[in-house]
Amino acid sequence: MRLRRLDLTRYGRFTDQSLGFGPRPEGLPDLHIVYGPNEAGKSTAFAAFLDLLFGIGTQSPFNFLHPYSTMRIHHPIWTKLASTVFVATGVGLLWLRLPIVAAALIFYGIGIESIARGTLPLAVFGARHYPAIMGRIAMPSLIGQAASPTLGAMLIDGFGANGALAALFVVAIANVFLVIALLVLLKRPSRQHPERVT
């Protein structure tokens with residue numbers, strides 16, 4: 001694994017900062033040394049890297065500027081994108097009859113999706129709109145979950161197990177493209193939500 005960039009969105013003393021490591025040099029050692037004066041944030045950046053790998057703990061000494069609930073090392077759209085890619089890849093592998101790897105990817109994708117489900121609306125719409133947005137998101141999600149067994153049975157009955165997996169794969173790929181479209185929209189400057197946290 002190689003870290004190309006560390007986004008310190010809201011972490012410790014950092015707000016909307018990035019630490020870039022550039023492209024991997026051809027034929028040269030790939031070693032980076034982070035240096036700077038005392039209190040510049042070198043240890044904080046290293047702690048952020050560890051928290052990026054293992055998750056921010058339930059208590060953190062780096063919440064002195066940003067409240068714990070709003071600490072971010074990267075924008076949650078990347079978590080959402082990773083979750084949809086894992087699920088789509090897992091469904092595709094399940095369709096190709098590789099069930100063990102497929103199950104691992106699907107379960108991992110669903111697990112990190114539960115993180116993005118709560119953090120992405122907060123980052124996109126801000127804290128003021130968060131409760132209302134979560135309420136609006138909840139109803140279609142609950143209806144979809146309730147309808148899933150019936151829709152799944154109808155797909156299997158109409159197209160067989162292979163056809164049902166193919167349909168799920170198409171939906172999973174569509175989900176990846178929807179998240180990419182959201183990512184593109186988030187890159188554009190917004191006048192509607194000036195308090196939006198990105």
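Structural remarks
- Checked against the criteria, Phe107 counts as closer than 22 Å to Gly163 by Cα, open to solvent by 30 Å² or more (accessible area, probe 1.4 Å) and over 13 Å from the mean Cα position of the chain (by Cα).
- Test: residue in region 84-105 that is closer than 30 Å to Leu50 by Cβ, in a helix (DSSP H, G or I), among the polar types (S, T, N, Q) and out of contact with any strand residue (DSSP E or B) (no Cβ under 7 Å at 6 or more places or on another chain): yes
- The sole residue among Gly158, Gly135, Gly109 that is part of a helix (DSSP H, G or I) and under 19 Å from Leu182 (Cα atoms) is Gly109.
- Residue match in region 125-132 (condition: modelled with pLDDT under 80, buried (at least 18 other Cβ atoms within 10 Å of the Cβ) and within 17 Å of the chain's Cα centre (by Cα)): yes
- Any hit, region 184-196, residues being of a type in the set (Lys, Arg), modelled with pLDDT under 90 and in contact with a Phe, Trp or Tyr (Cβ under 9 Å, 6 or more places away or on another chain): yes
- Selection status of His66, over 30 Å from Phe159 (Cβ atoms), in contact with a Lys or Arg (Cβ under 6 Å, 6 or more places away or on another chain) and at pLDDT below 80: yes
- Selection count where residues are touching a His at 6+ places or on another chain (Cβ under 9 Å) and surrounded by 14 or more Cβ atoms within 10 Å (Cβ to Cβ), scope region 15-36: 0
- Sole residue being at pLDDT 80 or above and either of a type outside the set (Lys, Arg) or loosely packed, with under 10 Cβ neighbours inside 10 Å (or both), chosen from Leu3, Leu98, Leu53: Leu98
- Once region 146-172 is narrowed to residues that are under 14 Å from Leu96 (Cβ atoms) and of a type in the set (A, V, I, L, M, F, W, C), the residue that is surrounded by the fewest Cβ atoms within 10 Å (Cβ to Cβ) is Ala161.
The values are calculated or read from the model by the stated rules, or taken from the named source; none is laboratory data. Just so you know, these numbers come straight off a predicted model, no measurement behind them. Positions of Cβ are generated from backbone atoms using ideal geometry, with glycine treated the same way; all protein chains shown enter the neighbour counts. Accessible surface areas use protein heavy atoms only, side chains included; no ligands, DNA or RNA. Shrake-Rupley method; radii C 1.70, N 1.55, O 1.52, S 1.80 Å.
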